[in-house]
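Visitor: Quick one: structure below, then a few questions.
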Amino acid sequence: MSDLAIHINLHQKNSIPLDVELDCQAGELLALVGPSGSGKTTVLRSIAGLYQPQNANIICQGEVWQDSAQSIFLATHQRHVGLVFQNYALFPHMTVQENIQQAITHLPKQQRQPEALKLLKKVHLDGLEQQYPTKLSGGQQQRVAVARALARQPKVLLL
């Protein structure tokens, strides 16, 4: 299992039934599909550490993020996860650039702007750095959210 990027095993019978087991290699794209209410978002929230199923085993690049049998639960901020919420969760009072810079406060102040601009170029939004999210299309807002998620250089990106 050490060559896996992530191993997920989730089981729960109560309010939100889950029965999921999957492995994903580094660089592999994995899609969860299913009807509304089937648990797709709950699985992503579990991986991110925002939801704790009854029985879970989540291992990312050899690091145990959750193991119910051993009472291990790594908090969300300790997991290297990029998460793009369904509503994008952008800060409406901040510009596009400020939204991205909010994710890279761990960098020295003088490095934040160049890094944010580099990420905006990656998602084809260069030139819009001073716009506010409400002035952008839905697709542009989504790309800002992706750039912000990528800014932290996550081990896992959840969309």
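Values in this text are rule-based calculations from the coordinates and carry no lab data. Worth saying up front: this structure is predicted, and the values here are computed from it rather than measured. With ideal geometry, Cβ positions are generated from the backbone for all residues, glycine too; neighbour counts draw on all protein chains shown.
Visitor: Whole-Hz Karplus ³J(HN,Hα) for region 105-114, in order, using 6.51 cos²θ - 1.76 cosθ + 1.60 and θ = phi - 60°, x for Gly and Pro?
Guide: Each residue's phi maps through the Karplus curve to give 5, 6, 7, x, 3, 6, 8, 5, 5, x Hz.
Visitor: Continuing with this model, one more query. Choose one answer from V33, V81, V144: the residue with the largest mean-square fluctuation in a GNM of the chain with alpha-carbon springs under 10 Å.
Guide: Of V33, V81, V144, the Gaussian network model singles out V33 as fluctuating most.
Visitor: Which ³J(HN,Hα) values in Hz, rounded to whole numbers, follow from the phi angles of region 117-123 under the Karplus curve 6.51 cos²θ - 1.76 cosθ + 1.60, where θ = phi - 60° and Gly and Pro get x?
Guide: Those phi angles translate into 5, 4, 5, 4, 5, 4, 9 Hz.
Visitor: Moving on to the next point. Compute the separation of the alpha-carbon centres of region 50-100 and region 137-159 and state it in Å as a whole number.
Guide: If we compute the Cα centre of each part, the gap is 14 Å.
Visitor: If r is the Cβ-Cβ distance from D19 to L50 and R0 is 30 Å, what FRET efficiency results, to the nearest 0.05?
Guide: So the FRET efficiency works out to roughly 0.95.
Visitor: Along each of the three principal axes of the Cα atoms of region 96-153, give the extent in whole Å, ordering the values from largest to smallest.
Guide: In descending order, the Cα extents are 31, 20, 16 Å.
Visitor: Decide, for region 4-79, between rounded, prolate and oblate: order the square roots of the alpha carbon gyration tensor eigenvalues as a ≥ b ≥ c, take rounded if a/c falls under 1.5, and otherwise choose prolate if a/b is larger than b/c, else oblate.
Guide: Taking the square roots of the gyration eigenvalues as a ≥ b ≥ c, region 4-79 is oblate.
Visitor: Same structure again: Length gain on complete extension for the stretch L159 to K40, per 0.36 nm per residue less the alpha carbon to alpha carbon distance?
Guide: The span from L159 to K40 would gain 41.8 nm if fully extended.
Visitor: On to the next question. Sum up the lysine pairs in the chain that clear both bars: alpha-carbon distance under 22 Å and a spacing of 8 or more or different chains.
Guide: Eligible lysine pairs with Cα atoms under 22 Å apart amount to 11.
Visitor: May I ask you to list the trypsin sites (Lys or Arg not before Pro) in region 1-96 that are in a DSSP loop and have at most 11 other Cβ atoms within 10 Å of their Cβ?
Guide: Counting only loop positions with at most 11 other Cβ atoms within 10 Å, the trypsin sites (Lys or Arg not before Pro) in region 1-96 are K13.
Visitor: Compare the Cα positions of Q111, Q12, L158 along the charge dipole of the chain (+1 at Cβ of Lys, Arg; -1 at Cβ of Asp, Glu; about the Cα centre) and return the one farthest towards the positive end.
Guide: Q111
Visitor: Using Cα springs under 10 Å in a Gaussian network model of the chain, which residue among L107, L18, L83 shows the largest mean-square fluctuation?
Guide: L107
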